[in-house]
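The values are calculated or read from the model by the stated rules, or taken from the named source; none is laboratory data. None of the values given here were measured: they were computed from a predicted structure. Glycine gets a Cβ as well: all are built from the backbone with ideal geometry, and neighbour counts include every protein chain shown. Calculation scope for accessible area: heavy atoms of the full protein, side chains included, ligands and nucleic acids excluded. Shrake-Rupley method; radii C 1.70, N 1.55, O 1.52, S 1.80 Å.
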Number of protein chains: 2
Amino acid sequence: MDVRDSGFHGKLDDDQSESQISHLALDIGGTLIKLVYFSRNKDNLIDENKNRKNSFVEGRLHFAKFETSKINDCLEFILSNKLHLGGFQHHEDPASDKILIKATGGGAYRFADLIKEKLGVSIEKEEEMECLVAGANFLLKAVHQEAYTYMDGRKEFVHIDHNDLYPYLLVNIGSGVSMIKVDGDGKFERISGTSVGGGTFWGLGRLLTKCKSFDELLELSHQGNNRVIDMLVGDIYGGLDYSKIGLSSTTIASSFGKAISDNRELEEYKPEDIARSLLRMISNNIGQIAYLNALRFGLKRIFFGGFFIRSHAFTMDTISVAVNFWSKGEAKAMFLNHEGFLGALGAFMSYVKHGHDDSISPQSGQRYPVCTPLVGDKICYPLNGDLNDNDSLECSVYVA
Amino acid sequence: MDVRDSGFHGKLDDDQSESQISHLALDIGGTLIKLVYFSRNKDNLIDENKNRKNSFVEGRLHFAKFETSKINDCLEFILSNKLHLGGFQHHEDPASDKILIKATGGGAYRFADLIKEKLGVSIEKEEEMECLVAGANFLLKAVHQEAYTYMDGRKEFVHIDHNDLYPYLLVNIGSGVSMIKVDGDGKFERISGTSVGGGTFWGLGRLLTKCKSFDELLELSHQGNNRVIDMLVGDIYGGLDYSKIGLSSTTIASSFGKAISDNRELEEYKPEDIARSLLRMISNNIGQIAYLNALRFGLKRIFFGGFFIRSHAFTMDTISVAVNFWSKGEAKAMFLNHEGFLGALGAFMSYVKHGHDDSISPQSGQRYPVCTPLVGDKICYPLNGDLNDNDSLECSVYVA
């Protein structure tokens, strides 16, 4: 998607650019760059707690994303809005005017030099899995109505009991998929993963349908019928179920299996049917591998995050059905409103962890800033209409 | 592949057609029909054991396959070689001249009427999973040098201890994949499966490369380089390993993930690179899901069968590496020389089980006919050069 075509002109709206922006954090993945940054509300330094030395600042967390292949557009966006000044100064050398920005993901390594050159700031690299976990823990603990189940078109928010959150399985579906067993704050292990992820959906999907964007492909899949290309149990069994092993006639026996005998060329299939089969294949596969890993470690809760999902109904439905089918109803898939920003949020949280600059610190008695999602309260995004509904989070940060 | 183009003219060579053919068994899958039948050697009724009433007949088991979409060619082959007379008469009504043929797979249901119409014989359906297990048990116990490991281009036969064979995991990769925990003769449970199987490789491969056959696609993959289209860890991390979680820079992070940012059309990729990525994605995925299921039930031995494999070096290597990687060296993938014929062999074995006709019975002290693979001793196959190396098995059957 060309940023210039999407109505983005490089500057935030006046309201936001006038407010003070700080704590820019990046998650530079194989396909997408995710940005999180904090903007203070104007004149809002509230000394809530007179007995304490420190204060809360009210403001908002903002989320944005760019394609990694268009990193120059992303850097231009950062530069023209002075987001890069929202880093911190080197704590070992406070006199230095060197600014450091928190970043995670492979691109923090790959693009460190480019960022230094274009923005004049250095990258402080944060470990990717650590960031994903910190971001997920933050969202699950601090944000009201963050996690939900999705089944048969029904979204149901899940109450998270802070004292009974761990252990859980975090499945982050980016270009590839990481599966992480989370046992507590900073306590985790990457136990599995698969290369069949969002990059596979988009990559194969582009080749098969000539779609120009991930979202176009997702939208297409919405209208498609996977039965045109998938070989169903009923196709093999002459319309019958294979009831002895619990497979109904409509179960997919072989993804894309009907393309073998159809003798049709690629162009003779509708792109929407192809997109649907592909999405179902990948979502189902991830759901199955996730469940098998949850089972292995006795994890009851599986949270799915990452930009592959995009609150897309059919994707979530397929993952939910897969987890439900393989676990015989024992396990439930859960999703996160801010699914795509786990890593970036984790990198953002690391400003707290290291006590940098005017550190964001957790509110007393709470481990994290208090946040309320503000649906529809949008800022000017680089990619219009390309984000989750919850584009910013109201948030107080604790200023030391 | 058109049967007429492949040099097949519908009749077996004279030697074979003159010998008596019996016990035709079919496995009609979503993509392929597999045939097994027995031919007696001429004048070879040997009464080996004078103390017993019954005798062994020497002969051979023969294997053949057709595409399911070309079932009419298959039926013509059966008819012109009178293989269909190698069934049995109804045991409840021996006076009837109705001939029954053993068949398994979904096509035993789907094509029962067609077979009755064209061949004048009825199908006695055998349960698919039961046949796969019976076929695998037969091969593992009765056939010398049947199972082997394959790693780094090295094939090593595995000695099977008959007293320590169970439990094992049988992974049958046909159009789709079935995973069966086998605990003994006739004792098994289908514990898992995946729709990402041989039909996916061929179906997606056809659409992406315009290959005309599965074998052409396999051959292509041999020459390809998956790094052209797969997104590697090094592509994300700027050439670095992600050593903290044990991922080298050459690990595939996202299958087909590079196709996202390349901005190349399908036609701009080499078909061989696409075939390679696809084969690696699917083989790796099956290996991973198989291992997770083996782990779940504490199964140390995993045997891979089904016509997807076709003794293809890269396929076996990828599956072996996947099992080795995910199990941290604890588990080993094993393959079977007659991988594609498990179901058909199982249906063939069921002639024994039910005591039909001049039943094949196990030799005294052995549960199965004594078989020795005869490499290179070929009969005229419907699809030239399209089969495993071991095209027939020398075999004695016990005649009641």
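Within segment B:206-234, the set of residues being touching a helix residue (DSSP H, G or I) at 6+ places or on another chain (Cβ under 7 Å), facing chain A (nearest Cβ under 9 Å) and of a type outside the set (Val, Ile, Thr) comprises B:206, B:207, B:208, B:214, B:230, B:231. All of (1) surrounded by fewer than 20 Cβ atoms within 10 Å (Cβ to Cβ); (2) under 24 Å from the mean Cα position of the chain (by Cα); (3) closer than 20 Å to residue B:331 by Cα hold for residue B:287 with one exception: (1).
Is segment B:50-72 home to any residue that is at pLDDT 95 or above, within 14 Å of another protein chain (Cβ to nearest Cβ) and in a helix (DSSP H, G or I)? Within segment B:50-72, one or more residues are at pLDDT 95 or above, within 14 Å of another protein chain (Cβ to nearest Cβ) and in a helix (DSSP H, G or I). Scoring residue B:256 on the criteria (1) open to solvent by less than 40 Å² (accessible area, probe 1.4 Å); (2) outside any loop (DSSP other than H, G, I, E, B) leaves a single failure, condition (2). Please verify whether residue B:266 is open to solvent by less than 30 Å² (accessible area, probe 1.4 Å) and closer than 26 Å to residue B:324 by Cα, treating the condition exactly as stated. No; evaluated as a whole, the condition is false for this residue. Each residue in segment B:1-43 was checked for being open to solvent by less than 20 Å² (accessible area, probe 1.4 Å), at pLDDT below 50, in a helix (DSSP H, G or I) and not small (Gly, Ala, Ser), and 1 of them qualify.
Could you look through segment B:196-234, keep only residues that are among the charged types (D, E, K, R) and more than 21 Å from residue A:269 (Cβ to Cβ), and pick out the one that is surrounded by the most Cβ atoms within 10 Å (Cβ to Cβ)? Among residues in segment B:196-234 that are among the charged types (D, E, K, R) and more than 21 Å from residue A:269 (Cβ to Cβ), the one surrounded by the most Cβ atoms within 10 Å (Cβ to Cβ) is B:230. Where strands (runs of 3 or more DSSP E) sit wholly within segment A:113-168, those with at least 1 residues that are among the polar types (S, T, N, Q) occupy A:122-125, A:147-151. Residue selection: residue A:199 fails the criterion of being within 7 Å of another protein chain (Cβ to nearest Cβ) and part of a loop (DSSP other than H, G, I, E, B). Among the candidates B:278, B:292, the residue that is within 12 Å of chain A (Cβ to nearest Cβ) and more than 21 Å from the chain's Cα centre (by Cα) is uniquely B:292.
Checking each residue of segment B:142-156 against the condition of being touching a Cys at 6+ places or on another chain (Cβ under 7 Å) and more than 14 Å from chain A (Cβ to nearest Cβ) gives at least one match.
Within segment A:293-310, take every residue that is in a loop (DSSP other than H, G, I, E, B) and open to solvent by 50 Å² or more (accessible area, probe 1.4 Å) and give me the one that is modelled with the lowest pLDDT. Per the stated criteria, the residue is A:300. With respect to the conditions (1) buried (at least 24 other Cβ atoms within 10 Å of the Cβ); (2) facing chain A (nearest Cβ under 8 Å), residue B:319 falls short on a single one, namely (2).
Evaluation of residue A:283 against the conditions (1) among the hydroxyl-bearing types (Ser, Thr, Tyr); (2) more than 30 Å from residue B:130 (Cβ to Cβ); (3) facing chain B (nearest Cβ under 9 Å) shows that the sole unmet condition is (3). The residues of segment B:104-133 that are in contact with a Ser or Thr (Cβ under 9 Å, 6 or more places away or on another chain), open to solvent by 30 Å² or more (accessible area, probe 1.4 Å) and more than 11 Å from chain A (Cβ to nearest Cβ), listed by number, are B:116, B:124.
Being surrounded by fewer than 24 Cβ atoms within 10 Å (Cβ to Cβ), among the acidic types (Asp, Glu), within 30 Å of residue A:196 (Cβ to Cβ) and touching a residue at least 40 places away in the same chain (Cβ under 8 Å) is a condition met by no residue of segment B:185-195. Just checking, does segment B:261-268 include any residue being facing chain A (nearest Cβ under 8 Å) and modelled with pLDDT of 95 or more? Yes. Selection within segment B:235-248: residues that are in a loop (DSSP other than H, G, I, E, B) and surrounded by 15 or more Cβ atoms within 10 Å (Cβ to Cβ). The member of this set that is farthest from the other protein chains (Cβ to nearest Cβ) is B:241.
Is segment B:151-174 home to any residue that is open to solvent by 10 Å² or more (accessible area, probe 1.4 Å) and within 30 Å of residue A:267 (Cβ to Cβ)? There is at least one residue in segment B:151-174 that is open to solvent by 10 Å² or more (accessible area, probe 1.4 Å) and within 30 Å of residue A:267 (Cβ to Cβ).
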